[in-house]
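Below is one structure, written out as structure tokens; the observations come after it.
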Amino acid sequence: MELWVTEYQTPALGFSLKMSKTLRVEQTEFQHLAVVETDQFGRMLLLDGMVMTTDADEFVYHEMITQVALNSHPNPQKVLIIGGGDGGALREAVRHTLVKEATLVEIDGKVIEASKAFFPDLACAFDDPKAEVVVDDGTAYVAKRKGVFDVIMVDSTEPVGPAVELFSAPFYQQCFEALKDDGMLVVQSESPFLNADVIKMAYEGIMDSFPVTKLYLASIPTYPSGLWSFTVGSKKYDPAQPLHENPNELKYYNPDVHRAAFQLPGFVKKLLAAR
Ligand code: SAM
């Protein structure tokens, strides 16, 4: 008998992968967590039935949520990651040569535990000397900080449960205040094909606080529709211009991809223009 796991992305659209094993299933205080072994993409983490990451394509998301801001800010020494309990964004942040401190604030310690148990390539930076790991609600953490970070990255789940506030205008204003005078915020903002409402909410919410707001895209096969967006709010620098030659070998990000990611198709431009 074949076993398949399906993420129902809309009531009329599902993404299915053939799987061989269930490695963990638990109800945490915050969400339903599952780790399964798929034939096509290796291990996969799901929260509340939604794909968070897989062995095979995690590099795209984690490089693109981190490296764009880290390479367009001239001196990104102090970084905050909200969410991101799988550790992939933290791995990317600490390997950037200019980053001196990266703090990860994840609400659900069980996600960190599962990543340590099943995703060694993602969980490799939790003990890095540059890393600090805090288990707390990111909104509460940000509200207490003023003018301290160069870059904030919001590596959140979809806007359901504890992540709802992470897509709100008041939260973006608190991020603005937690950043230094030339700081940058980047958030994952979902699929332009399936979540136009979320993109508008993030883009317009960020625009209310930040003088520069830009959206960029990346291709992520296991995320709904495969085309994914990220939105940047910047106090000063242009997030579309790479400034550093990152000496690390990356699998998706490079300066050409950086610039190209900000070139948007017509329907996405139209979505951002309509307010
Ligand atoms: N790349 C993923 C995606 O878009 O599918 C997101 C990965 S990461 C696992 C998302 C994390 O955000 C989850 O572990 C979740 O627990 C965390 N999270 C949700 N709301 C949060 C909050 N208010 N504060 C901190 N972390 C939060």
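The values are calculated or read from the model by the stated rules, or taken from the named source; none is laboratory data. None of these values were measured; they are calculated from a predicted model. Here Cβ is always computed from backbone atoms with ideal geometry, including for glycine, and neighbour counts include all displayed protein chains. Each accessible area value is taken on the protein alone, full model and side chains, heavy atoms only, with ligands, DNA and RNA left out. Shrake-Rupley method; radii C 1.70, N 1.55, O 1.52, S 1.80 Å.
Of all residues in region 235-256, those satisfying the criterion of being in contact with a strand residue (DSSP E or B) (Cβ under 8 Å, 6 or more places away or on another chain) and either among the charged types (D, E, K, R) or within 19 Å of E63 (Cα to Cα) (or both) are K235, K236, D238, P239, A240, Y252.
Against the numbered list (1) within 16 Å of the chain's Cα centre (by Cα); (2) small (G, A, S); (3) away from the ligand (no atom under 11 Å from the Cβ), G138 comes up short only at (3). If you go through region 180-189 one residue at a time, do you hit one that is open to solvent by less than 40 Å² (accessible area, probe 1.4 Å), modelled with pLDDT of 95 or more, within 15 Å of the ligand (Cβ to nearest atom) and among the polar types (S, T, N, Q)? Checked region 180-189: at least one residue is open to solvent by less than 40 Å² (accessible area, probe 1.4 Å), modelled with pLDDT of 95 or more, within 15 Å of the ligand (Cβ to nearest atom) and among the polar types (S, T, N, Q). I need the full set of residues from region 37-67 which are open to solvent by 10 Å² or more (accessible area, probe 1.4 Å), more than 10 Å from the ligand (Cβ to nearest atom) and either in contact with a strand residue (DSSP E or B) (Cβ under 8 Å, 6 or more places away or on another chain) or within 21 Å of I152 (Cβ to Cβ) (or both), in order please. Of everything in region 37-67, those that are open to solvent by 10 Å² or more (accessible area, probe 1.4 Å), more than 10 Å from the ligand (Cβ to nearest atom) and either in contact with a strand residue (DSSP E or B) (Cβ under 8 Å, 6 or more places away or on another chain) or within 21 Å of I152 (Cβ to Cβ) (or both) turn out to be E37, D39, Q40, F41, G42, R43, G49, D55, A56. For region 18-26, check the following and say yes or no: at least one residue is over 19 Å from F119 (Cβ atoms), within 15 Å of the ligand (Cβ to nearest atom) and not aromatic (F, W, Y). Scanning region 18-26, I find no residue that is over 19 Å from F119 (Cβ atoms), within 15 Å of the ligand (Cβ to nearest atom) and not aromatic (F, W, Y), so the answer is no. Selection of helices (runs of 4 or more DSSP H) fully inside region 166-275 by the criterion of at least 1 residues being more than 19 Å from the chain's Cα centre (by Cα), among the polar types (S, T, N, Q) and assigned by TED's automatic domain parsing to the domain that holds A89 returns 196-209. Of all the criteria given as (1) within 27 Å of V5 (Cβ to Cβ); (2) out of contact with any helix residue (DSSP H, G or I) (no Cβ under 7 Å at 6 or more places or on another chain), the one not satisfied by G183 is (1). Candidates are the residues of region 124-142 that are in contact with a Gly (Cβ under 8 Å, 6 or more places away or on another chain) and open to solvent by 20 Å² or more (accessible area, probe 1.4 Å); the one that is farthest from G88 (Cα to Cα) is V135. Among the residues making up region 150-163, those that are under 17 Å from E106 (Cα atoms) and either more than 15 Å from the ligand (Cβ to nearest atom) or hydrophobic (A, V, I, L, M, F, W, C) (or both) are V151, I152, M153, V154, V160, A163.
For (1) among the aliphatic types (A, V, I, L, M); (2) more than 11 Å from the ligand (Cβ to nearest atom), each residue gets a yes or a no:
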{"position": "I81", "(1), (2)": "yes, no"}
{"position": "A102", "(1), (2)": "yes, yes"}
{"position": "S115", "(1), (2)": "no, no"}
{"position": "D128", "(1), (2)": "no, yes"}
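Here the condition is being crowded, with 21+ Cβ neighbours inside 10 Å, of a type outside the set (S, T, N, Q) and closer than 30 Å to E37 by Cβ; of F230, F210, it holds for F230 alone.
Just to be sure before I move on: is L166 surrounded by 23 or more Cβ atoms within 10 Å (Cβ to Cβ), more than 10 Å from the ligand (Cβ to nearest atom) and aliphatic (A, V, I, L, M) in the structure I sent? Taking the combined requirement at face value, the residue does not satisfy it.
Confirm whether I82 is assigned by TED's automatic domain parsing to the domain that holds V142, among the β-branched types (V, I, T) and open to solvent by 10 Å² or more (accessible area, probe 1.4 Å).
Working: assigned by TED's automatic domain parsing to the domain that holds V142: yes; among the β-branched types (V, I, T): yes; open to solvent by 10 Å² or more (accessible area, probe 1.4 Å): no.
Considered against the rule, which asks whether it is assigned by TED's automatic domain parsing to the domain that holds V142, among the β-branched types (V, I, T) and open to solvent by 10 Å² or more (accessible area, probe 1.4 Å), I82 comes out as no.
Residues in region 71-104 that are of a type in the set (A, V, I, L, M, F, W, C) and closer than 20 Å to S219 by Cβ: A89 only.
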